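Following: one structure in structure tokens, then a few remarks.
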Amino acid sequence: MSDTIDELLDQKAKLERQISAAQRLQRADAISACLALMAESGLTPADLAPTAAKRKGSSAGPKVGSKVAPKYRDPSTGSTWTGRGLKPKWMAAALLRGAQLIDFAII
């Protein structure tokens, strides 16, 4: 191998600079294209950013810590399980005895 470590490190640094410059150029081109499309469509940056009023009422999913209705009930004790997380001991024991989840389903 004729290249020394220093030469290889110099090549690596040069390539990293070239990659960084190419990424900056690509980003600038993308921004220019977006701005041109916005101008063509009559949009402003405010049209693209959600406002506080829009965000307040709409959420993508359920809130953290919200209650979930139980899906399974132990007929002997009345204990319930939502079907989320670890199986409760009563469910695990019943399944080992040959029962099926459908046997405990709340309909």
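The values are calculated or read from the model by the stated rules, or taken from the named source; none is laboratory data. Everything numeric in this text was worked out from a predicted model, so none of it was measured. Note that each Cβ is placed from the backbone with ideal geometry, even for glycine, and that neighbours are counted across all protein chains shown.
Structure summary
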item	result
Residues (touching a helix residue (DSSP H, G or I) at 6+ places or on another chain (Cβ under 7 Å), not in a loop (DSSP other than H, G, I, E, B) and not charged (D, E, K, R)) located in region 64-90	Y72, W81
Sole residue being more than 28 Å from the chain's Cα centre (by Cα) and modelled with pLDDT under 95, chosen from S59, S32	S32
